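Here is the structure we will look at, set down as structure tokens.
The values are calculated or read from the model by the stated rules, or taken from the named source; none is laboratory data. Keep in mind that this is a model prediction, so the values were computed, not measured. Cβ coordinates were reconstructed from backbone atoms using ideal geometry, including for glycine residues, and neighbour counts include every protein chain displayed. The protein model used for the area step is the full one, side chains on, heavy atoms only, and it has no ligands, DNA or RNA in it. Shrake-Rupley method; radii C 1.70, N 1.55, O 1.52, S 1.80 Å.
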Amino acid sequence: NVSGGLDAAPDWIQMHTELAREGYAWVGVSAQIVGIEGGGAFDLPLKTIDPERYGELSHPGDSFSYDIFSQAAQAVRNPVSLDPLEGLAVERIYAVGQSQSAFRLTTYYNAVHPTVAAFDGFIIHSRGNGAAGISQEPQVVQPAPENTFTRTDQPEPVIVLQTETDVFILESIAVRQPDSANYRLWEVAGSAHSDVYTTTKGPEDRGDDSEVADVISNSAARPPFIDCAKPVNDGPGHWLAKAAVHALDDWVRNGVSAPAAPLLALNASGDSFALDNLGNTQGGIRTPYVDAPVAALSGEGQPADSVFCGLFGTTALFEDATMAMLYPTQDSYINAIDTATDSAVSAGFLRPADAELIKSRARSSGIGGDVFGIGGGAVFPLGGAGSGVQLDSAR
């Protein structure tokens with residue numbers, strides 16, 4: 001993903017603990033010109049980051065990104081001379097792209113994949129209503145339709161994984177389509193296009209620390225580059241990305257279709273989400289973050305004039321009185337987390353290993369009855385996926 005002006009890997013960050021523990025190989029593809037040659041907000045292309053290794057690369061332009069992506073798959077599946085996986089036999093290859101890369105992967109699935117069949121399954125993650133053009137300047141411009149649906153006549157399955165941000169801010173509501181034999185649409189309650197895990201927690205997560213389930217209140221979306229007006233979303237997005245990987249693999253490997261999911265609920269006029277009495281969106285894929293919550297988690301809510309922050313959503317931790325009402329005892333909190341977590345696992349939207357981390361953190365969080373605090377002498381609520389720590393400015 002090159003939206004920031006550098007070659008970023010948001011899906012690797014969100015999915016990496018599942019990929020590592022289940023034995024996948026991850027291959028990053030520098031398919032777009034900005035990641036190689038530069039441009040964009042932060043302008044940190046590979047040629048700048050490591051000129052000795054990448055300085056001689058020449059990217060012909062984004063019109064060629066689709067073939068670059070296909071060629072990368074071919075180089076892994078049928079290596080000639082150089083073998084990127086050093087002798088490992090490739091059984092299946094899945095294509096994943098998030099945000100701008102999801103717009104491009106939508107076009108790839110619709111227009112390119114039927115001609116080359118380089119991949120066995122797809123996760124299109126956080127797309128908008130449109131898609132990337134099949135060709136752009138300096139070649140002849142061939143844009144995609146304003147509202148681009150995902151074709152449903154391909155044998156290779158696709159999961160479209162969507163956050164709250166994507167539905168209205170990126171207008172994916174215009175391309176909602178029913179599930180079919182090889183298509184699933186997953187909309188995740190309490191999630192944002194980007195979030196604290198993707199920019200802060202994920203790079204340090206090794207998959208064995210239950211504190212990753214803490215819900216934190218932090219306005220520094222991507223220190224030191226992006227600081228937002230409100231605390232950014234720290235919702236369940238990464239847990240669902242991991243579940244999507246497993247669901248796709250089970251679909252392709254064993255013929256077990258990915259679970260269907262309800263859509264996020266809308267208000268009567270259909271122009272915003274329907275919220276519960278705690279401020280969380282109803283409907284969609286449910287997790288402990290919204291069914292045993294310690295915060296109102298949204299994919300929206302940042303000032304409209306903030307280009308990047310507008311994609312990070314918000315976290316509003318509950319006041320002490322609300323926490324005491326919801327969880328009068330520690331057992332009541334643990335029971336709420338266990339019930340919501342087990343339900344998500346049973347539905348296929350949470351991996352069992354991740355569920356154990358969430359449930360473990362609930363037991364050590366201190367939530368229930370008295371509310372404990374840290375930081376600067378002030379009292380803040382604590383929680384775990386379900387649990388939250390409000391950080392002081394020193395943190």
Answer label for Cα extents along the principal axes in Å (calculated), chosen among (1) 63, 48, 44; (2) 107, 53, 33; (3) 126, 44, 37:
(1)
Got the relative contact order for the chain handy, in percent, Cα pairs under 8 Å and 6 or more residues apart?
14
Segment 184-203 scanned against label point 7 Å out from residue 339 along Cα→C-beta; backbone N under 20 Å for 189-190
Sorted by mean Cβ packing within 10 Å, highest first, what order do the peptides 307-315, 91-99, 66-74 take?
307-315, 91-99, 66-74
Cα axis of helix 352-364 to longest principal axis of the chain: angle in degrees, 0 to 90, nearest 10?
30
Which of the lysines could a cross-linker bridge to residue 359, judged by Cα under 21 Å and excluding same-chain residues fewer than eight apart?
201, 242
Which one of 207, 57, 348 is farthest out on the positive end of the charge dipole of the chain, using unit charges on Cβ (Lys, Arg +1; Asp, Glu -1) and the Cα centre as origin?
348
Virtual spin-label span in nm between residue 43 and residue 88, 7 Å along Cα→Cβ
3.7
Hypothetical label at residue 277: residues of segment 316-346 whose amide nitrogen lies under 14 Å (7 Å Cα-Cβ projection)
322-323, 325-327
Round to a whole number: what % of the accessible area of segment 217-360 belongs to carbon and sulfur, probe 1.4 Å?
54
Among 295, 175, 6 - extreme Cα towards positive end, dipole of the chain, charges at beta-carbon:
175
One finds, for residue 211 and residue 58 with R0 = 35 angstrom and r their Cβ-Cβ distance, a FRET efficiency to the nearest 0.05 of 0.20
Per residue value of the accessible surface for the chain (all protein chains in place, 1.4 Å probe), Å²
44
Using the Kirkwood radius over Cα pairs, work out the Stokes-Einstein diffusion coefficient for segment 228-384 at 37 °C and 0.692 mPa s, in µm²/s as a whole number.
193
Could you sort 291-303, 32-44, 224-236, 199-211 so that the peptide with the highest average Cβ count within 10 Å comes first and the rest follow in order?
291-303, 224-236, 32-44, 199-211
Computed FRET efficiency, Cβ-Cβ of residue 332 and residue 267, R0 35 Å: what is it to the nearest 0.05?
0.70
Toy charge model, Lys and Arg Cβ at +1, Asp and Glu Cβ at -1: segment 46-90 dipole around Cα centroid in debye, rounded to 20, equals 80
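If you put +1 on each Lys and Arg Cβ and -1 on each Asp and Glu Cβ, how big is the dipole of the chain around its Cα centre, in Debye rounded to 20?
In total the dipole reaches around 360 debye.
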Carbon and sulfur %, accessible surface of segment 96-188 computed with the full protein complex present, 1.4 Å:
55
Based on Cβ point charges of +1 for Lys and Arg and -1 for Asp and Glu, what charge dipole magnitude is obtained for segment 52-122 about its Cα centre, in debye rounded to the nearest 20?
220
Label-to-label distance, nm, for residues given as residue 24 and residue 81 (7 Å Cα→Cβ offset)
3.0
Using θ = phi - 60° and the Karplus relation 6.51 cos²θ - 1.76 cosθ + 1.60, list the HN-Hα couplings for segment 169-178 in order, rounded to whole Hz, with x at every Gly or Pro.
5, 9, 6, 5, 4, 6, 10, 4, 9, x
Rounded percent of accessible protein surface that carbon and sulfur make up, segment 5-46, 1.4 Å probe:
58
Rounded to the nearest 10, the angle in degrees between the Cα long axis of helix 10-22 and the longest principal axis of the Cα atoms of the chain comes to 80
Of the residues 88, 317, 357, which exhibits the maximal mean-square fluctuation in a Gaussian network model of the chain defined by a 10 Å Cα contact cut-off?
88
